[in-house]
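The values are calculated or read from the model by the stated rules, or taken from the named source; none is laboratory data. Note that the structure is a prediction, hence the values are computed from the model and not measured. For neighbour counting, all protein chains shown are included, and Cβ atoms are generated from backbone atoms with ideal geometry for every residue, glycine included.
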Amino acid sequence: MRTVLVVVICLLSMQSNLNAQKYSTKSGEINFEASVPSFEEVKAKNMNVSAILTENGDFASLALVNAFRFKVALMQEHFNENYAESDKFPKTTFRGKINGLAMDDLTETETTYNAVGVINLHGIDKNVDVPVQIKLVDGTIVLTTEFILKPSDFNIEIPSIVSNKIAEEVNVSATYNLTK
């Protein structure tokens with residue numbers, strides 16, 4: 001319930017037309033990987049990501065940090081306690097706009113747009129401009145993206161004892177199936 005409330009607040013803060021048609025999901029997926037060769041895989045998935053897209057291209061996404069799941073429980077614990085500090089910074093968000101989006105033009109053929117906005121992670125805002133692919137399948141808007149983030153951009157410190165086991169650039173991918 002708290003997640004839904006936060007997403008609604010994010011949407012209202014986007015100052016979009018309140019009568020605009022909205023598409024949303026509570027089951028978006030964000031994956032990240034920070035693996036380096038010859039070491040244990042550093043990879044996680046969050047399948048409970050909320051997002052809202054308006055017909056004018058405003059887009060907001062919210063993920064609870066402690067909902068990222070790793071294969072190794074100890075890695076998940078270290079991620080939440082030592083790196084992401086999920087007790088102190090419980091969520092990560094994106095708020096922005098998908099430039100040039102025209103809902104009437106969407107088809108089953110994937111089209112690439114740019115999403116420009118702000119990612120908030122670990123209490124730090126970072127302006128981003130990332131490619132997103134969007135298509136319309138049976139009334140569902142499918143939005144996917146892949147991009148790279150650096151932990152150092154969000155003041156996430158990697159101790160020197162493990163720094164050679166975690167990539168300096170984290171590959172992030174997200175998929176949202178948005179419905180009215």
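Among what's in the stretch 22-44 and is without any contact (Cβ under 8 Å) to a residue 40 or more places away in the chain and more than 17 Å from L62 (Cβ to Cβ), pick the residue that is surrounded by the fewest Cβ atoms within 10 Å (Cβ to Cβ). Before the answer, list the steps.
Residues of the stretch 22-44 that are without any contact (Cβ under 8 Å) to a residue 40 or more places away in the chain, as a first pass: 26, 37-38, 41, 43-44.
Checking the rest, the ones that are also more than 17 Å from L62 (Cβ to Cβ) come to 37-38, 41, 43.
Working: P37: 5, S38: 7, E41: 13, K43: 17.
Step by step, filter the stretch 22-44, then rank; the result is P37.
So which residues in the stretch 112-127 are surrounded by fewer than 18 Cβ atoms within 10 Å (Cβ to Cβ) and either assigned to a strand (DSSP E or B) or in contact with a Cys (Cβ under 6 Å, 6 or more places away or on another chain) (or both), if there are any at all?
T112, N114, V116, V118, N120, I124, D125, K126, N127
State whether the residues of the stretch 158-179 include one that is outside any strand (DSSP E or B), within 24 Å of S27 (Cβ to Cβ) and out of contact with any helix residue (DSSP H, G or I) (no Cβ under 7 Å at 6 or more places or on another chain). Let's see the steps before the verdict.
Restricting attention to the stretch 158-179, the residues satisfying the condition of being outside any strand (DSSP E or B) are 158-169.
Then keep just the ones that are within 24 Å of S27 (Cβ to Cβ); that gives none.
Checked against the condition, which is being outside any strand (DSSP E or B), within 24 Å of S27 (Cβ to Cβ) and out of contact with any helix residue (DSSP H, G or I) (no Cβ under 7 Å at 6 or more places or on another chain), the stretch 158-179 yields no hits at all.
Counting just the residues of the stretch 38-50 that are among the charged types (D, E, K, R) and touching a strand residue (DSSP E or B) at 6+ places or on another chain (Cβ under 9 Å), which one comes out farthest from V172 (Cα to Cα)?
Among residues in the stretch 38-50 that are among the charged types (D, E, K, R) and touching a strand residue (DSSP E or B) at 6+ places or on another chain (Cβ under 9 Å), the one farthest from V172 (Cα to Cα) is E41.
Which residue is surrounded by the fewest Cβ atoms within 10 Å (Cβ to Cβ), if the candidates are limited to the stretch 51-104 and must be under 15 Å from A174 (Cα atoms) and of a type in the set (S, T, Y)?
Here the residue is T93.
What pairs come out if I take residues in the stretch 96-111 that are in a strand (DSSP E or B) and pair them with residues that are of a type in the set (D, E, K, R) and surrounded by 11 or more Cβ atoms within 10 Å (Cβ to Cβ) whose C-beta lies under 6 Å away, six or more apart or interchain?
K97/D58
Identify the residue in the stretch 87-105 that is of a type in the set (A, V, I, L, M) and modelled with pLDDT of 95 or more and, among all such residues, is nearest to L136 (Cα to Cα). Talk me through it step by step, then tell me what you get.
Here is the first cut: in the stretch 87-105, the ones of a type in the set (A, V, I, L, M) are 98, 101-103.
Going one step further and asking which of them are modelled with pLDDT of 95 or more, we end up with 98, 101.
Numbers: I98: 15, L101: 12 Å.
The selected residue is L101.
Which residues, taken from the stretch 32-66, are outside any strand (DSSP E or B) and not hydroxyl-bearing (S, T, Y)? Lay out the reasoning, then the answer.
Going through the stretch 32-66, the residues outside any strand (DSSP E or B) turn out to be 34-42, 55-57, 65-66.
Answer for the stretch 32-66, where residues must be outside any strand (DSSP E or B) and not hydroxyl-bearing (S, T, Y): A34, V36, P37, F39, E40, E41, V42, E55, N56, G57, V65, N66.
Taking the condition modelled with pLDDT of 95 or more, over 19 Å from F147 (Cβ atoms) and out of contact with any helix residue (DSSP H, G or I) (no Cβ under 8 Å at 6 or more places or on another chain), does S27 pass? Give the derivation first.
On the way: modelled with pLDDT of 95 or more: yes; over 19 Å from F147 (Cβ atoms): yes; out of contact with any helix residue (DSSP H, G or I) (no Cβ under 8 Å at 6 or more places or on another chain): yes.
In short, yes.
Looking at (1) surrounded by 15 or more Cβ atoms within 10 Å (Cβ to Cβ); (2) farther than 28 Å from E40 by Cα; (3) over 12 Å from the mean Cα position of the chain (by Cα), find the lone condition where I166 falls short.
Every condition holds for I166 apart from (2).
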